[in-house]
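The values are calculated or read from the model by the stated rules, or taken from the named source; none is laboratory data. Bear in mind that the values here come from a model prediction, so they are computed numbers and not experimental data. Note that each Cβ is placed from the backbone with ideal geometry, even for glycine, and that neighbours are counted across all protein chains shown. Areas reflect the complete protein model, heavy atoms only, side chains present, ligands, DNA and RNA absent. Shrake-Rupley method; radii C 1.70, N 1.55, O 1.52, S 1.80 Å.
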Amino acid sequence: MNRLPFKIAIVLTLFFTSTNLFAQDFQGKAVYMSKTTMDMDQFGGQDMTPERKKQIQERMKSFLEKEYTLTFTKSESIYKEEEKLAAPGSSGGRRGFGASLSGGPKYKNVQTKEMIQDQEFFGKQFLIKDELKDLEWKMGTETKVIGQYTCFKATATVVPSGLDISSFRGPRGRDRNDTEKDTTDSNTPKAPKTIEVVAWYTPQIPVNQGPDDYWGLPGLILEVNADRTTILCTQIVLNPKDKETIEKPKKGQVVTQAEYTEITTKKMEEMREMYGGRGGRGGGRGRN
């Protein structure tokens, strides 16, 4: 008797058992937890006590651990950070510098290849409009279960877009970590940084959607591991009773992703130079 390979049989079973859920007016909502680890040595951590490192990591927790909601149909999605009330005695959540490090609502259309993001940066509103970039996924055969969904592994190599927080380092981090790099010819082109992305998607929800910039797999992406960031789906609601209108962000100065990255990188360099000029090595050291 002929038998289908086990992995193929799983995919076919998941496809046929889920097809009826996805009518023309289908909508889903997925909640994701995002967590990023920080390399303290990039921020002058070599000179810090373990207690001081822990204190700084606690202060950065609101930047590094976030909750998002992805509302999606077969063609469109909007990815939004869930706002949290500021803790008593805190500086007020996402205001100021924190808002500049937090991504605004991100709209994706997998049919028209359109990406639009509402983004605040140091009090100025931008509207990033760009083409949705194709990801060259390599399909794996490994599986694992996330919640009640069987997921398959896929990997891709990508060039990260947007603001790189590691570029904002104090003068000590710059002096000690960049010495070797600064001795190279400044006119020599540098290869763009690339990272490997590992994604887990489920054919049980056969849409090409996923969190943040990730999409293009034959099923909703439930987990992403990219460099120091892990994004994990913690809740899914399919065809909610009260459907939400997916609207494109509209406000702000229109820029491409490349233009926005250039603007933010320049601003961060200016800030680094400004802080580096305030007393150099001695400035603020006694407070660590």
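Do the conditions hold for LYS108, that is, is it open to solvent by 50 Å² or more (accessible area, probe 1.4 Å) and modelled with pLDDT of 70 or more?
Judged against the criteria, LYS108 is not a match.
Out of the residues in the range 25-55 that are modelled with pLDDT under 70 and part of a helix (DSSP H, G or I), state the one that is farthest from THR234 (Cα to Cα).
Out of the qualifying residues, it is ASP47.
Of the conditions (1) within 29 Å of GLU142 (Cα to Cα); (2) in contact with a Lys or Arg (Cβ under 7 Å, 6 or more places away or on another chain); (3) surrounded by fewer than 14 Cβ atoms within 10 Å (Cβ to Cβ), PRO240 clears all except one; give me its number.
Every listed condition holds for PRO240 apart from (1).
Find the strands (runs of 3 or more DSSP E) located wholly in the range 201-265 whose residues include 1 or more that are touching a residue at least 40 places away in the same chain (Cβ under 8 Å), aliphatic (A, V, I, L, M) and in contact with a Gly (Cβ under 8 Å, 6 or more places away or on another chain), and list them.
In the range 201-265, the matching strands (runs of 3 or more DSSP E) lie at 220-226, 229-238.
Considering GLY103, GLY93, which residue is touching a strand residue (DSSP E or B) at 6+ places or on another chain (Cβ under 8 Å), at pLDDT below 80 and not aliphatic (A, V, I, L, M)?
When all the criteria are applied, what remains is GLY103.
Would you please list the contacts, defined by Cβ atoms under 7 Å and residues six or more apart or on different chains, that run from a residue in the range 131-145 that is closer than 15 Å to GLN257 by Cβ to a residue that is modelled with pLDDT under 95 and part of a strand (DSSP E or B)?
Close Cβ pairs satisfying both conditions: LEU135/VAL158.
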